[in-house]
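Right, one structure below, let's go through it.
The values are calculated or read from the model by the stated rules, or taken from the named source; none is laboratory data. This one's a predicted model, so the numbers in the text were calculated from it and none came from an experiment. We place every Cβ from the backbone using ideal geometry, glycine too, and count neighbours over all the protein chains shown.
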Protein chains: 2
Amino acid sequence: MGIEKREVPFVVVKRLPRYYRYLGELLRQGITRISSGELSSKMGVTASQIRQDFNCFGGFGQQGYGYNVEKLHQEIAKILGLTHGYKTIIIGAGHLGHALANHTNFAKRGFELVGIFDKNPEVIGTEINSLSVMAMEELEDFCSSNRVDIAILALPKKAIVEVVPRLVAAGIKGLWNFSYTDLAVPDDVAVENVHLSDGLMTLSYKLTEKQKNGD
Amino acid sequence: MGIEKREVPFVVVKRLPRYYRYLGELLRQGITRISSGELSSKMGVTASQIRQDFNCFGGFGQQGYGYNVEKLHQEIAKILGLTHGYKTIIIGAGHLGHALANHTNFAKRGFELVGIFDKNPEVIGTEINSLSVMAMEELEDFCSSNRVDIAILALPKKAIVEVVPRLVAAGIKGLWNFSYTDLAVPDDVAVENVHLSDGLMTLSYKLTEKQKNGD
């Protein structure tokens with residue numbers, strides 16, 4: 001892919017979703033240009049880090065003119081793959097699956113939620129976000145006829161073992177894993193593990209620091 | 001607090017929950033010592049970064065002997081404030097609140113979930129994890145008699161505006177915020193905002209890179 005290919009360090013990649021959200025916010029406010037200094041104070045990141053980060057994928061700033069918000073937003077969307085319109089399914093229609101279907105703004109981030117699956121007969125057929133929950137037996141057929149890219153794993157650890165191989169065999173290329181367990185998948189399958197409690201621990205740190213400083 | 005106080009850079013702090021989880025895993029496997037090299041290959045972080053990070057809070061390694069897993073685990077717990085046993089409540093007993101009450105392993109991370117609140121009469125009085133959902137009217141009395149430290153905000157954006165000031169007035173010092181909106185709170189209140197879709201965007205990046213490399 002010659003010129004398309006750029007080397008973006010993973011620490012920078014980890015910051016891209018946040019930049020993407022902020023730039024989207026600016027666009028909604030009708031702001032078309034912003035300096036690294038202004039962006040810096042809004043985001044609590046140093047201006048020099050912002051400049052370095054944006055240089056990783058071509059800059060988009062002009063000395064003295066700031067950044068073109070829309071171009072930058074589009075470029076980050078492209079790097080993050082949000083422009084692909086990845087098709088997504090949720091496995092597990094329990095409280096977590098339900099919450100994810102309702103709360104995560106899939107469409108806004110370029111993901112298309114096309115199906116929700118569960119093995120519980122009481123849940124199958126119920127509607128979540130105008131999608132009817134499907135039975136696990138329908139998984140393979142659905143994935144192949146809909147060319148699904150991403151599966152969100154919102155089911156317990158012990159259920160994972162048999163589901164993941166089926167997803168991989170069905171051609172799923174990305175797993176967003178809420179099951180708190182390591183997944184063994186082939187090299188061409190991407191995995192992102194979610195550890196919700198990490199955020200709670202970070203909060204605990206901040207709280208503890210504030211209380212120390214308040215002493 | 002003189003000698004207790006150490007300067008740990010926030011980038012290091014952000015990595016502590018992950019170290020804490022890995023070290024806990026090693027303890028459960030009965031491993032008492034580990035070298036930075038071994039830890040490095042398990043965690044996908046360079047050995048020199050691990051050494052630098054651990055030096056921020058006193059080291060705990062001995063040249064050639066590796067790290068004492070239990071001591072390190074305890075020290076990180078202390079820095080993260082997990083040894084305080086912070087009392088925690090969840091505001092919002094919808095799908096997200098329900099999922100958080102069930103999935104996040106509060107006790108294991110040192111947090112005590114003491115109450116769940118909702119304003120929906122149909123939900124009030126139902127049981128989640130042997131806690132009976134309370135009415136929002138009970139919030140202030142409950143917080144003051146139970147000395148609650150942390151509130152988890154699992155409710156919609158629009159409901160946040162009136163709830164946060166009540167929590168702050170009731171003495172809550174930490175907010176774990178799932179509402180996708182910025183909170184205005186006094187300086188002595190710590191906030192950690194959760195942006196679930198950041199993980200999905202990171203997955204999308206990985207997936208896109210793998211597909212490029214597979215071309």
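For the range B:94-130, which positions are under 30 Å from B:P9 (Cβ atoms), of a type in the set (S, T, N, Q) and surrounded by fewer than 17 Cβ atoms within 10 Å (Cβ to Cβ)?
B:N105
Among the residues of the range B:178-215, count how many are more than 7 Å from chain A (Cβ to nearest Cβ), in a loop (DSSP other than H, G, I, E, B) and β-branched (V, I, T).
So the answer is 3.
Does the range A:146-163 include one or more residues that are in contact with a strand residue (DSSP E or B) (Cβ under 8 Å, 6 or more places away or on another chain) and surrounded by fewer than 18 Cβ atoms within 10 Å (Cβ to Cβ)?
So the first thing to find is which residues in the range A:146-163 are in contact with a strand residue (DSSP E or B) (Cβ under 8 Å, 6 or more places away or on another chain), and the list is A:146-155, A:160, A:163.
In the following step, the residues that additionally are surrounded by fewer than 18 Cβ atoms within 10 Å (Cβ to Cβ) were identified as A:146-147.
Checked against the condition, which is being in contact with a strand residue (DSSP E or B) (Cβ under 8 Å, 6 or more places away or on another chain) and surrounded by fewer than 18 Cβ atoms within 10 Å (Cβ to Cβ), the range A:146-163 yields at least one hit.
Answer yes or no as to whether B:G59 is at pLDDT 90 or above, outside any helix (DSSP H, G or I) and not assigned by TED's automatic domain parsing to the domain that holds B:R109.
No.
Condition test on B:I91, is it surrounded by 15 or more Cβ atoms within 10 Å (Cβ to Cβ) and in contact with a helix residue (DSSP H, G or I) (Cβ under 7 Å, 6 or more places away or on another chain)?
yes
For the range B:96-113, give me each residue that is farther than 25 Å from B:P156 by Cβ and part of a loop (DSSP other than H, G, I, E, B).
B:N105, B:G110
If you scan the range A:127-174, which residues turn out to be touching a Leu at 6+ places or on another chain (Cβ under 8 Å) and assigned to a helix (DSSP H, G or I)?
Selection gives A:L139, A:C143, A:I160, A:V163, A:V164, A:R166, A:L167.
Please indicate, with yes or no, whether at least one residue in the range A:56-71 is away from chain B (no Cβ under 13 Å) and β-branched (V, I, T).
Scanning the range A:56-71, I find at least one residue that is away from chain B (no Cβ under 13 Å) and β-branched (V, I, T), so the answer is yes.
In the range B:88-110, how many are more than 7 Å from chain A (Cβ to nearest Cβ) and either more than 16 Å from B:S130 (Cβ to Cβ) or without any contact (Cβ under 8 Å) to a residue 24 or more places away in the chain (or both)?
7
Take the residues in the range A:164-177 that are of a type in the set (A, V, I, L, M) and buried (at least 20 other Cβ atoms within 10 Å of the Cβ); name whichever of them is nearest to the other protein chains (Cβ to nearest Cβ).
Of the range A:164-177, the ones of a type in the set (A, V, I, L, M) are A:164, A:167-170, A:172, A:175.
Subset that is buried (at least 20 other Cβ atoms within 10 Å of the Cβ): A:164, A:167, A:172, A:175.
Numbers: A:V164: 15, A:L167: 13, A:I172: 10, A:L175: 8 Å.
Filtering the range A:164-177 for residues that are of a type in the set (A, V, I, L, M) and buried (at least 20 other Cβ atoms within 10 Å of the Cβ), the one nearest to the other protein chains (Cβ to nearest Cβ) comes out as A:L175.
Specify which of the listed residues (B:Q74, B:Q49) is at pLDDT 85 or above, within 14 Å of another protein chain (Cβ to nearest Cβ) and not in a strand (DSSP E or B). Give the derivation first.
Numbers: B:Q74 fails: within 14 Å of another protein chain (Cβ to nearest Cβ).
None of the other options fit; the residue is B:Q49.
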